[in-house]
Amino acid sequence: MSNGILEFEKPLAELEKRIEELKVFSSDKGIDLSGEIATLERKAEDLRREIYGNLTPWQRIMIARHPHRPTTLDYINLIFDDFIELHGDRCFRDDAAIVGGIASLEGRPVTVVGTQKGRDTKENLARNFGMPHPEGYRKALRLMKQAEKFRRPVICFVDVAGAYPGIEAEERGQAVIIANNICEMARLEVPVIVVITGEGGSGGALGIGVGDRIIMLENAYFSVISPEGCAAILWKDASKAREAAEALKLTAQDLMRFGIIDEILAEPGGAAHKDREAMARVIKGAILKHLDHLVGVSRKSLIEQRYRKFRKIGEFIVDQQAGTSEEIRDTISL
Amino acid sequence: MFKDLFRSKQKYVTVKPASVRREIPDGMWSKCTKCGQIIYNKELAGNLKVCHKCGFHFKLSALERVALTVDADSFVEFDSDLLTVNPLGFPGYEEKVKSGKNTTKLNEAILTGQARICGFPVVIGAMDFGFMGASMGSVVGEKVTRAFEFAIKRKLPVVMFCTSGGARMQEGIISLMQMVKTSAAVARFNEAGLLYISVLTNPTTGGVLASFASLADIVLAEPEAQIGFAGPRVIEETVHQKLPPGFQTSEFVLAHGMIDKIVERKNMRKTLGLLLSLHSKVSEVALGE
Ligand SMILES: [Zn+2]
């Protein structure tokens, strides 16, 4: 895994390596091997399609958590111009697990907020592995309220294992701040687009995850609990995370089916880290497309539409024999 | 003791007296979780299920909670016709729901309705830990949301007695989204200028604490309740250190500024009555515009 190749990717990686070697050999020796190379490349393409076209939920999670997966700052730099990072919650400290600021998207000013994982061990320690404390969520909300004041759309990038479960995080009100962010985002008077790029870890993701559109990369996941946590509770065995990943229905494809997200973005080459520039272009295109639909909407209907978007989520049946709920309401008098 | 509190009219979905009889736990005696005192169950029930020796507050069922809180003959239940399904096809879910129904005599982990407290009309909710740890799935989210929407329509205050292990794992992402749905309903309710009081009882954790439970104008808690976002075991495994004494208790969250006040069970009804009274005068002016 140190070379960034996942177990199920190995056959493909070996084939790609052989093609590379043949190309070098062919040019070094001046021998024409284009026929052989083309055959192998077709084979690699088939293999790629087979591997990435049939990923299990657990394999997708492995890709979503890949150490080379592009981070929020990678995407910000590739998608926007003139990003100016703004720091701090004006209250306690600057939480490096959440980044945010103002940027230009094709000439249009926007506010960008996202969870930020480290790209190496040192950065991960500084960024707490991208797991925010309450002050991080407070910073995010501050920037979103600022966006509201200046009528800028908000773009949120979510890639977070979860809100940090620590002693100080509890002391400073992790639950209260997440509740508050959800509540405020539900009524934010500017368009909000949420892009889940990797891990969508439960409440920690929701703290910056309420929007008019929710877009997911094809190997991202979004779940109420980590598969490991679910397995530990359900089977008292965290190693059964694969089974839990199946049971939780947490892939982008599942979420699309449940009507929770609005679009799935294909990952070029099967995984975002294989071609981050191409991935960024895909994300940018999607953001622009959705913004076009949202910028003209009045504040009132924007908030009304957002309310209805989440209001309809829920699966249950009404027991006809018990009488309808509407009936009950109508007969109540004080 | 709770028999006379619920009226039974045909059209309403009312709480039948038979369903409240269960309030005495099986067996004759209970052991206090905190001090170990063996207490005669009749005596415990007669003392609002509070240990007479150390003051420990035992859990109440939703029906007991409502019965102890509302004026006699004033409660009308909402939405008892909503039934849980298994949207993910999650293994073993139906059995757990069935067992929760049997334990609590409710359709789901929250009882909602309309009632009066000290004469003031309110929309009230009470969660029941006996129904899958009062976890929030679709039906809980829908009942909470409908309760707030009804309160907006009728310009009524809302009182929510919360307890929960968090979002309901078995409904996956759909249960996580109930945090947004309920919080958005509270946000709307706030814009209507109405009063929301939540009471955190033992335990209130996870996704419920991180949504509607924390969003009240006034957040009360019963003494010594466990109140926190992440589970203590998860935190210990993450930070590799022992948790400080009293971590994630009502007293701890009060000291850290997360709640307004700790209220003993024997004073809860009186305190709610007072708060409702103080706000009834303000809201008359505001609503008269
Ligand atoms: Zn005791």
Accessible area expressed per residue, region A:65-311, with surrounding protein chains retained (probe 1.4 Å, Å²): 35 Å²
Residues of region A:148-187 buried by at least 40 Å² on assembly (accessible area, 1.4 Å probe, chain alone as reference): A:P165, A:I167, A:E170, A:E171, A:A175, A:V176, A:A179, A:I182, A:C183, A:R187
Set of region A:10-50 residues, backbone N closer than 13 Å to the point 7 Å along the Cα-Cβ line of A:N124: none
Per the protein assembly as shown, cysteines lacking a partner by the 4.7 Å Cβ criterion: A:C91, A:C156, A:C183, A:C230, B:C118, B:C162
Net charge of Cβ neighbours under 13 Å - reference A:I193; Lys, Arg +1; Asp, Glu -1: +3
Accessible surface buried once B binds A (1.4 Å probe; total of both sides; Å²): 5800 Å²
Three-way shape label, region A:7-54, alpha-carbon gyration tensor, a/c 1.5: oblate
GNM top mover of A:E184, A:E41, A:E228 - chain A, alpha-carbon springs below 10 Å: A:E41
Computed FRET value (nearest 0.05) for A:V295 with B:R154, which takes r as the C-beta separation and R₀ as 35 Å: 0.45
DSSP H segments from chain A that extend 20 Å or more along their own axis, Cα-based, with Kyte-Doolittle mean of 0.0 or above: A:276-294
Antiparallel %, DSSP beta bridges [both residues in region B:80-212], to 5: 40 percent
Equivalent ellipsoid semi-axes - Cα gyration tensor, the protein assembly as shown, angstrom: 48, 26, 23
Overall form of region A:246-315 per C-alpha gyration tensor (a/c, 1.5; a/b vs b/c): oblate
Residues whose placed amide H lies under 5 Å from that of A:K117, excluding near-sequence neighbours: A:T72
Sites A:I233 and A:N54, calculated FRET efficiency, Cβ-Cβ separation with R0 22 Å, nearest 0.05: 0.15
Pairwise Cα inverse-distance average, inverted: Kirkwood Rh of region A:65-311 (Å): 18.0 Å
Gyration tensor verdict on chain B (Cα atoms; rounded if a/c is under 1.5, prolate if a/b is larger than b/c, oblate otherwise): rounded
For A:D319, distant residues with modelled amide H under 5 Å away: B:L82, B:L83
Farthest toward positive dipole pole in chain A [+1 Lys/Arg, -1 Asp/Glu at C-beta], among A:H66, A:V295, A:G162: A:V295
FRET efficiency, 1/(1 + (r/R0)^6) with R0 51 Å, evaluated for A:A266 and B:L274 via beta carbons: 0.30
Within a Gaussian network of chain A (alpha carbon springs, distance under 10 Å), most fluctuating of A:V113, A:V194, A:V282: A:V282
Simple spin-label estimate for A:I317 and A:D32 in nanometres, 7 Å along Cα-Cβ: 7.0 nm
Simple label model, 7 Å out from Cα along Cβ direction - B:N267 to B:N41, nm: 3.1 nm
Solvent exposure of region B:96-210 as accessible area per residue, Å², 1.4 Å probe: 20 Å²
Cα centroid separation, region A:1-52 to region B:182-205 (Å): 58 Å
Interface residues in region A:289-323 - accessible area drops by 50 Å² or more relative to the isolated chain, probe 1.4 Å: A:Y307, A:F310, A:R311, A:I313, A:E315, A:F316, A:I317
Helix runs (DSSP H) in chain B reaching 18 Å along axis by Cα, Kyte-Doolittle at least 0.0: B:138-154, B:172-191, B:265-287
Positive minus negative residues near A:I261 (Lys, Arg vs Asp, Glu; Cβ under 13 Å): -1
Distance from region A:141-203 to region B:134-149 (C-alpha centre basis), Å: 22 Å
Heavy-atom accessible surface of the protein assembly as shown: percent carbon and sulfur, 1.4 Å: 53 percent
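The values are calculated or read from the model by the stated rules, or taken from the named source; none is laboratory data. Here the structure is a predicted model, which means the values were calculated and not measured. As a convention, Cβ positions derive from the backbone with ideal geometry for all residues, glycine included, and neighbour counts pool all protein chains shown. Heads up: the accessible areas ignore ligands, DNA and RNA and are worked out on the full protein's heavy atoms, side chains in. Shrake-Rupley method; radii C 1.70, N 1.55, O 1.52, S 1.80 Å.
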